[in-house]
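Trainee: The structure under discussion is supplied below as C-alpha cells; questions concerning it will follow.
The values are calculated or read from the model by the stated rules, or taken from the named source; none is laboratory data. Just so you know, these numbers come straight off a predicted model, no measurement behind them. All Cβ positions, glycine included, derive from the backbone under ideal geometry; neighbour counts span all protein chains shown. Just the protein is used for accessible areas: all its heavy atoms, side chains included, with ligands, DNA and RNA removed. Shrake-Rupley method; radii C 1.70, N 1.55, O 1.52, S 1.80 Å.
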Amino acid sequence: MKGRELRKKFLDYFKSKGHTIVKSSSLIPANDPTLLFTNAGMNQFKDVFLGKEKRDYTRAASCQKCVRAGGKHNDLENVGKTARHHTFFEMLGNFSFGDYFKKEAIEFAWEFITEVLKIDKSRLYVSVYKDDDEAFDIWHKHIGIEKDRIYRFGEKDNFWQMGETGPCGPCSEIFYDHGEEYSCGKDTCDVGCDCDRFVEIWNLVFMQYNRDENGKLTPLPRPSIDTGMGLERLAAVMQGVLSNYDTDLFQSIIQTIAKASGKEYGKNNEDDVAMKVIADHLRATVCLITDGVVPSNEGRGYVLRRIMRRAIRYGKKLGLEIPYLYNFVDAVVEELGVAYPELFESKDNVKKLIKIEEEQFNKTLENGLKVLEGMIEQSKGLLTAEQVFKLYDTFGFPVDLVEDVCNERGVKVDRKGFEKLFEETRKKTREKSKVKVDLTLTEAFKTLENYPETVFTGYKEFVSEAKVLAIFNDSGEIEELKQGETGYILLDRTPFYVESGGQVDDTGTIANKDFRGEVKGLTQPVEKRRLHLVYAVKGNLKKGDGVKAEVDGERRKAIMRNHTATHLLHAALRKVVGDHVKQAGSLVDPDKLRFDFTHFNKLSDKELKEIEYLVNREILANKKLIIEEMPIDEAKKKGAMALFGEKYGEVVRVVQVPDFSIELCGGTHVSMTGEIGLFVIESERSAASGIRRIEAFTGFKAFNYLDNFRKEHYELKSVLKTGNDDIVSQVSKKLEEIKELNKELEKAKMSGGGNVFEEDLKDGIKLIVKQEDGLKPVSYTHLTLPTILRV
C-alpha cells in the first residue's frame, strides 16, 4: 500500500468516527515562541489542550508536516545512517479535547491497525506506563492481548509532557516486530531494544495531569488524547521493508538522484547513505522554504542552511557538480504535493532560492578549505578539537570531510575531543531550548473561560456601550477596581483591537459618570475573551457596571492607514520584484509601517520608485475596499494570500483592494484607499539573510517626512546661494574643488624636495620659506604675520 493511500485511509477512518479532519499547520509554529519548528501533530492544538482556545469540535485528526532538526529534537547527524531517522516526516494523529479517553483511543488504534490495515496481530506488541493499570487492563481484558505481550516501561519511555510544567500524562505505544532476522543478537533483545527488530509505530498519549513547578501532578478536569504515528514507519511496515528509505515515499526521489549521479542505489553503502541524506534533507528544505523559512545565520534560517549544506556536501560525494540540488525539487513536489498542494504553488521560488544558496555555499567551501589548509600547515601533525569544531560551526564542515582532507595530508584529527565539545555545545542548546509552559497567566484568569466571548465592534465603530463582566488583577478575579489601581477589564462588547497579525493594540478610555480609566493595552489569555489593561484615573469600577468604551480615534485611523498601505505594499512588491515575495513579518502602529519580506537582493532605486508609484496610484484611485467573511477554501480559490505563522479558522475574513490586492486579514482598515492620503518609503535594508525590510510612512507622517526634506532643500539652497535647478551641479562643483585642493595640499607637504630658506627675524621669530614648483598662487593678505610665521 502506497504512502498516499495510507494517509487517505487514516483520515477517512477517523472521519467515519466523528473526527474533524484538520489540515496540516505550517512548519513555522503559529504564536508559539517556545518551538523552533512544528515537530508533532499536537502543536497546532496546544492552546486547545491548555484551555486557552475553544474550537467547534472535540475530536480531530490530521496528517501534520514535522521537522526535527534543532534544539531538543535533533536527528540531523543520524539521518541517512539509520533506517528511521529523518529531519522531515509526516505525523498521523487523532485527538480528543475532553471527549473520549483511554478506552476509545486504544479501540480506535487497534481497529485501524488490525482490521483496516490488516497488520498481523502476531507481530504486534504494546507498552504502557509502569503505574498505568487502567491502560494495561484495557489492552488485556478489553482488547484481548496476552499479558506477556504488554510491557511496562518507566517515565523516560512512557510518560509524556508538553514542557517542564503543564499538561502531561502516561502513554501507550504499539510496536511492530520485523522479525528475528533483524535482531541485534543480544540475549536482552526485546521490545524497547534500539535495534531494528522492534519498531514503535504509534504512540497514544493520555493527557490527564497538570504538572506544577514543584513537580506535583494534579488531575485535569477534562482529560484529553494526543496520538502520533509516523507515516514513513507505517509505510515501511505495510510495504514489507525494513528501512523507511525503501518505501515509495522516498524511492522516487532517490531514483532521480541515482540517475543524475550515475550511481545505482543498493550497490554501495556510502553512495546509499549520500542518496538518503539528500532525499531526506531535500524534503525538509522544500517544505520549510514553502512555509516561509529562508536560509540565514540565525534561528530557523540557520537550521535550514545546515540541512541544505549537508545535502550539498553529500552530493559532492556522489560526484555531482554544484549547483545541482535545485534540479531535484520536482521529484519532491510530485511526491508530497498531493497532500500539500502549496508545494506546487511555490515550486519555482523554492528552486531559485536553493540554487542561490548552493552557489553561495560553493564559495564558502572554497574559503573553508583555505582555512583548513592553513590549520594543517601549522598543525604539527594534529588538528585540535577546537579547530575541528570551528570548521564545523563556522564553515559547515562535517568531521568526515575534515578527516578526508587531513588523511590525504597525513594529519590526525582529534575526533573524540570534537565529539565531546560537540556534545557539550548540544547540551547547552538543549538547556536553552527547554520549554516551560507559563501557566501563571492562565491560573490568574482561570475563571475567564466561564464568561461569554467578547463581541468585537471595532470594525464599524470607535465607541461602544458595554457592560463589565469581570475584573482581574495578576492574582485572579476581583470585584472592584479602585482609583489609582491597574487591572484587567472584561467587557461583553468592545471596539478595542487586541494585537494580532502585526497590528498593535488600541488605546483609549473606559468610563461612566463615576469612573474614568485609561486603556493602556489588551491581552487575550483565553481565545476570544479580550481583557483591557486599565489604569483607574478617577473613581472605582465594579463588576456589572455599564461603561462607554472609546478607542483613541486619531491613533486608530493612523493604524488603519498603515495597515491598508501594508497590503498595497505587499501586492506592489510581488508585481515589481516577483511572485516569490512573501511576508516574513510586519509591524503596523500609528507612526509607521514595517514590512519584512523574502527576497535575495537589495532593491534598486528604480524598483523602489516603481513600488511607491503603484501604491500611490491605488491611493489616488480611491478604491472602496471589499471586506467579507467566507470559508477558507473559497478564499484561497479567489487568490487570497495567507500569512505564515498565523492561525486561521474554517471561516476567514478577506480584505480586498479590487484588481490589486487580496489577503486573509483580521485587522482594521480604511474603507477607501484615498483615506491613506500619501505613501512614502523611508528605507529598505536587510533584516536577515534572505529577508529584506521596508519602513514607510502614510498620511500626515508621510507629509512631515517630505516636509523635512523640503526644509533641508531650502537650507542647502541658502548655503550654496543657488537656485532650485542648480543644487546638484553646485554640490558637484564644490566637491570637485575640495578634491583639487586636497591634491594641492598633498603636494605642499614639507617632506623632501624643493629649496628651503631660513632667516632669523627679531623677537626670536624664524622665517622658513620652501620653494615648490607647480603650486597655484594663494593670497595670504588676509592673514596676520604671526599666523604665517612659526617659531
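Trainee: Return the Rg/Rh ratio of the chain with Cα-based radii and a Kirkwood Rh.
Mentor: 1.08
Trainee: I've got another one for you. To the nearest 10 square angstrom, what accessible area does residue 81 show with a 1.4 Å probe?
Mentor: Here the accessible area works out near 130 Å².
Trainee: Carbon-plus-sulfur fraction of the accessible area of region 496-561, 1.4 Å probe, in percent?
Mentor: Carbon with sulfur: 43 percent of the solvent-accessible area.
Trainee: For region 675-735, compute Rg over Rh where Rg is the Cα radius of gyration and Rh is the Kirkwood radius from the inverse mean 1/r over Cα pairs.
Mentor: 1.15
Trainee: On to the next question. Calculated from DSSP H runs of 4 or more alone, at -39500 (n - 2.57) each and per residue, what is the 222 nm mean residue ellipticity of the chain, nearest 500?
Mentor: Roughly -11500 deg cm²/dmol at 222 nm, from the helical runs in the chain.
Trainee: With angles folded into 0 to 90 degrees, how steeply does helix 385-395 sit against the dominant principal axis of the chain? Use alpha carbons for both and round to 10.
Mentor: The angle comes out near 80 degrees.
Trainee: Treat every Asp and Glu Cβ in region 238-372 as -1 and every Lys and Arg Cβ as +1, leave all other atoms uncharged, and give the resulting dipole magnitude about the Cα centre to the nearest 20 debye.
Mentor: 580
Trainee: Leaving ligands, DNA and RNA out of it, work out the accessible area of residue 738 with a 1.4 Å probe and give it in Å² to the nearest 10.
Mentor: We get 90 Å² for residue 738.
Trainee: Same structure again: State the answer as a single residue: which of 183, 378, 654 lies farthest towards the positive end of the charge dipole of the chain, with beta carbon charges of +1 for Lys and Arg and -1 for Asp and Glu, about the Cα centre.
Mentor: 654
Trainee: DSSP beta bridges in region 470-620, what fraction antiparallel, as a percent rounded to 5?
Mentor: Counting DSSP beta bridges with both partners in region 470-620, the antiparallel share is about 95 percent.
Trainee: Please calculate how many Å² of accessible area the chain carries per residue, with a 1.4 Å probe and no DNA, RNA or ligand atoms counted.
Mentor: Averaged over the residues of the chain, the accessible area is 49 Å².
Trainee: Then there's this: By the scheme Lys and Arg +1, Asp and Glu -1, what is the net charge of all other residues having a beta-carbon under 11 Å from that of residue 626?
Mentor: Overall, the nearby charge balance is +1.
Trainee: Over the chain, what is the relative contact order in percent, taking alpha-carbon pairs closer than 8 angstrom and at least six residues apart?
Mentor: 8
Trainee: Still on this model: Rg (Å, one decimal) plus Dmax (Å, integer) for the alpha carbons of region 507-593?
Mentor: Rg and Dmax of region 507-593, Cα atoms, are 18.3, 57 Å.
Trainee: Here is a further query. Expressed as a whole percentage, what fraction of the accessible surface of region 263-410 belongs to carbon and sulfur atoms when a 1.4 Å probe is rolled over the protein heavy atoms?
Mentor: Looking at region 263-410 in its full context, I get 44 percent from C and S.
Trainee: On a 1.4 Å probe surface of the protein chains, which of 264, 461, 377 comes out largest in accessible area, and what is the full order?
Mentor: Heavy-atom accessible area, descending, gives 377, 264, 461.
Trainee: Could you report the accessible area of residue 662 in Å², rounded to 10, computed with a 1.4 Å probe on the protein chains as they sit in the structure?
Mentor: Near enough 30 Å² of accessible area.
Trainee: At 1.4 Å probe size, put 716, 735, 522, 231 in order of accessible surface, largest to smallest.
Mentor: These residues rank, largest area first, as 735, 716, 522, 231.
Trainee: Follow-up. Once the Cα atoms of helix 3-16 and of the chain are each reduced to a long axis, what angle between those two axes, in degrees from 0 to 90 to the nearest 10, is obtained?
Mentor: Helix 3-16 sits roughly 70 degrees off the main axis of the chain.
Trainee: If you don't mind, there's one more thing I want to ask. Considering the alpha-carbon set of region 129-244 alone, what are its Rg and its Dmax in angstrom?
Mentor: Reported Rg and Dmax, both Å: 16.0, 47.
Trainee: Related question: Under a point-charge model restricted to the Cβ atoms of Lys and Arg (+1) and Asp and Glu (-1), what is the dipole moment magnitude of the chain relative to its Cα centre, in debye to the nearest 20?
Mentor: 980
Trainee: Between residue 32 and residue 181, how high is the FRET efficiency from 1/(1 + (r/R0)^6) when r is the Cβ-Cβ distance and R₀ = 45 Å? Nearest 0.05.
Mentor: It comes out at approximately 0.55.
Trainee: Quick one: give the max-minus-min coordinate of the C-alpha atoms of region 596-666 along each principal axis, largest first, in Å.
Mentor: 41, 31, 19
Trainee: First obtain the Kirkwood hydrodynamic radius of region 456-513 from its Cα pairs, then insert it into the Stokes-Einstein equation at 10 °C and 1.306 mPa s, and state the resulting D in µm² per second as a whole number.
Mentor: 123
Trainee: If you rank 710, 561 by how much accessible surface each has, with a 1.4 Å probe, what is the order from largest down?
Mentor: Sorted descending by solvent-accessible area, the residues read 710, 561.
Trainee: Round to the nearest 10 and give me the degree value, 0 to 90, for the angle of helix 415-433's Cα axis relative to the longest principal axis of the chain.
Mentor: Here the helix axis deviates by roughly 90 degrees.
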